[in-house]
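Q: Following this message is one structure expressed as structure tokens.
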Amino acid sequence: MPARGTEVVTNLLRNIADGKRTVFYFHRKLFLFARYNKTNNLRHENVLIARFLPEDISTIFIKDFLIVRPFMTALLKQRSADSVGEFNDYLLVSSRGALDAGDVARRFVKNVRQATTFPLTISLYRHFVNMSFGCSACRKLR
């Protein structure tokens with residue numbers, strides 16, 4: 001099942017004071033090792049979730065890490081040094097720093113609507129993928 005927006009925004013490219021790296025490269029794919037739990041407020045502990053990104057998506061991110069980010073880092077250092085750390089630490093960023101789950105949701109909806117004219121949210125996308133490829137309970141409904 002695809003990750004929730006709140007899971008994706010916690011992925012780190014390198015170790016920082018607040019957490020350990022959660023993005024790895026393995027057999028031409030990015031491997032995301034997230035610490036997240038939807039019921040964290042009840043259980044007070046995170047669940048470890050491992051996901052491999054498809055090879056074509058991994059390639060896009062690798063090109064971003066190797067080509068775009070070094071160039072953007074140089075530009076950000078000239079403008080101000082405040083946002084450079086987050087820009088190089090997190091998987092999903094803008095020129096202002098790390099994205100939050102709301103940013104991811106808004107951008108997802110906007111880009112899908114522009115590409116398809118269909119208002120698909122992250123939540124609907126997750127349910128669609130689960131119904132199409134996923135859970136055993138879903139297979140019984142078909």
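Read-outs: derived from the displayed coordinates by stated rules, not from any lab. Note that the structure is predicted; figures quoted are calculated from it, not measured. So basically every Cβ, Gly included, is an ideal-geometry build from the backbone, and we count neighbours across all protein chains shown.
Q: Residues with amide H under 5 Å of I16's amide H, sequence separation 5 or more or different chain, H placed in the peptide plane at 1.01 Å from N; which?
A: Counting only residues 5 or more places away or on other chains, the set is R21.
Q: How much net charge surrounds R35 when only the other residues with a Cβ under 10 Å from the Cβ of R35 are counted, with Lys and Arg +1 and Asp and Glu -1?
A: Result for the local shell: -1.
Q: Another question about this same structure. Working out 0.36 nm times the residue gap between R21 and Q78, then minus their Cα-Cα distance, what length gain in nm do you get to one decimal? Kindly include the intermediate steps, with their values, before the conclusion.
A: Numbers: separation 57, 0.36 × 57 = 20.52 nm, distance 2.67 nm.
Stretched fully, the R21-Q78 segment lengthens by 17.8 nm.
Q: For region 50-102, calculate the relative contact order in percent as a whole number, restricting contacts to Cα pairs under 8 Å that are 6 or more residues apart.
A: Relative contact order comes out at 21 percent.
Q: What net charge do the residues around P70 carry, taking every other residue with its C-beta under 15 Å from that of P70, with Lys and Arg at +1 and Asp and Glu at -1?
A: Spelling it out: positives minus negatives among the neighbours equals +2.
Q: Work out how much length F65 to E86 would gain on full extension: take 0.36 nm times their residue separation and subtract the Cα-Cα distance, in nm to one decimal. Mind dumping the intermediate values first?
A: Numbers: separation 21, 0.36 × 21 = 7.56 nm, distance 1.35 nm.
Gain on stretching F65 to E86: 6.2 nm.
Q: With each label point set 7 Å from Cα along the Cα-Cβ vector, what nm distance links E45 and T117?
A: 5.1
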